[in-house]
Structures are given as C-alpha cells and as structure tokens.
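Trainee: Pasting a structure here, questions to come.
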Amino acid sequence: SIFLTVLLFVFIHKLQLLYKATNDGCIDNADLVITISKNIILAIISILSTFILSMVLMITGIFNLSTPIEVAYTFYFIDIVTNAFCIMLTYSYYDDIYFKIFGKLVIKMQN
C-alpha cells in the first residue's frame, strides 16, 4: 500500500512537471490540462481500488478472519474490472463516457 501511494504521487508530480514545462503562456494548453486531469482522476481511482483490495486482504490476514473464497474473488474481480475500465477510459474513443461520469469533477479541477 505504501508503494501504491508513492506511485500515485510520483505520477501526479511527473504530470505537473510536464504541464509546467509546456506552459509558457504563449500556447493554449486546454487539451493538455484536460488530458492531465483525466489521467490523474483515472490513476487515483485505479490505485485506490487496488489499495482497498490490499488493505482488506491485510486486515483479514492480521486478524485471522476466515473470509470465504467467494468474497476474496469478488474483491479481485472488482479490482480487475475497475482497472480495466480506467484503462479503457484513457482512450479518446471513450471520451463521451468519461465526461458523462466525471464531467463535473473535471470542470471543478480546471477552475
């Protein structure tokens, strides 16, 4: 879980550096800002789902909780589907779906 947190912050930091490097004031970077915010939102969701899965597995292991295998597989399945959905939404083909789901959040991030 510490690795996932570090990975998230490194990813966001690299995107900030990219934005600062291309933001010289002469070029309208609206598309770049949208792309950066899109990638940040999807990365946070993807990493958060994996983080929750790892925390649930660690808690069940620490406290010796006997979790039915169906519950564990359900968590694995949710994590895999969430990650696949986030990867799918990074493609421009799915921009309509992305903006239907996260449009209000993107507008708030840009203001």
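The values are calculated or read from the model by the stated rules, or taken from the named source; none is laboratory data. Quick caveat: nothing in here was measured; it's all calculated off a predicted structure. Here the Cβ positions follow ideal geometry from the backbone for every residue, glycine too, while neighbour counts run over all protein chains shown. In case anyone asks, the SASA skips ligands and DNA or RNA and just uses the protein heavy atoms, side chains included. Shrake-Rupley method; radii C 1.70, N 1.55, O 1.52, S 1.80 Å.
Trainee: Any idea what the relative contact order of the chain is, in percent, if you count C-alpha pairs under 8 Å spaced at least 6 apart?
Mentor: Working: 48 pairs, mean separation 36.3, N = 111.
Result for the chain is 33 percent.
Trainee: Per the helix-only calculation at 222 nm, which mean residue ellipticity applies to the chain, given -39500 (n - 2.57) for every DSSP H run of n ≥ 4 and division by its residues, nearest 500 deg cm²/dmol?
Mentor: Details: 4 runs with 91 residues, N = 111.
After summing the helix terms and dividing by residue count, I get -28500 deg cm²/dmol.
Trainee: Can you tell me the convex hull volume per residue for segment 7-75, based on C-alpha atoms, in Å³ to the nearest whole number? Can you show the working numbers first?
Mentor: Values: hull volume 4.9 nm³, N = 69.
It comes to 72 Å³ per residue, whole-number rounded.
Trainee: Could I ask something else about it? How far, in nm, would the chain grow between Leu48 and Leu65 when pulled straight, counting 0.36 nm per residue and subtracting the alpha carbon separation? Present the calculation step by step, with values, prior to reporting the outcome.
Mentor: Working: separation 17, 0.36 × 17 = 6.12 nm, distance 2.27 nm.
Gain in length upon complete extension: 3.9 nm.
Trainee: Counting only Cα, what are the radius of gyration and maximum Cα-Cα distance Dmax of segment 41-105, in Å?
Mentor: 14.8, 45
Trainee: If you don't mind, another one. Using 19 Å as the Cα-Cα cut-off, could you pick out the over-long pairs in Lys14/Lys38; Lys14/Lys100; Lys38/Lys100; Lys20/Lys104? Before the final figure, lay out the partial values.
Mentor: Working: Lys14/Lys38 14 Å; Lys14/Lys100 27 Å; Lys38/Lys100 13 Å; Lys20/Lys104 24 Å.
Too far apart for the 19 Å limit: Lys14/Lys100; Lys20/Lys104.
Trainee: Counting heavy atoms of the protein chains only and a 1.4 Å probe, report the per residue accessible area for segment 42-111 as a whole number of Å². Spell out each step's value before the answer.
Mentor: Details: 5150 Å² over 70 residues.
For segment 42-111, the solvent-accessible area averages 74 Å² per residue.
Trainee: Take Ile107 and Phe9, extend 7 Å from each Cα along the Cα→Cβ direction, and tell me the distance between the two endpoints in nm.
Mentor: 3.3 nm
Trainee: Quick one: with all protein chains in place, what share of the accessible area of segment 65-111 is carbon or sulfur, to the nearest percent (1.4 Å probe)? Mind dumping the intermediate values first?
Mentor: On the way: 2560 of 3790 Å².
Summing carbon and sulfur atoms, their accessible area is 67 percent of the total for segment 65-111.
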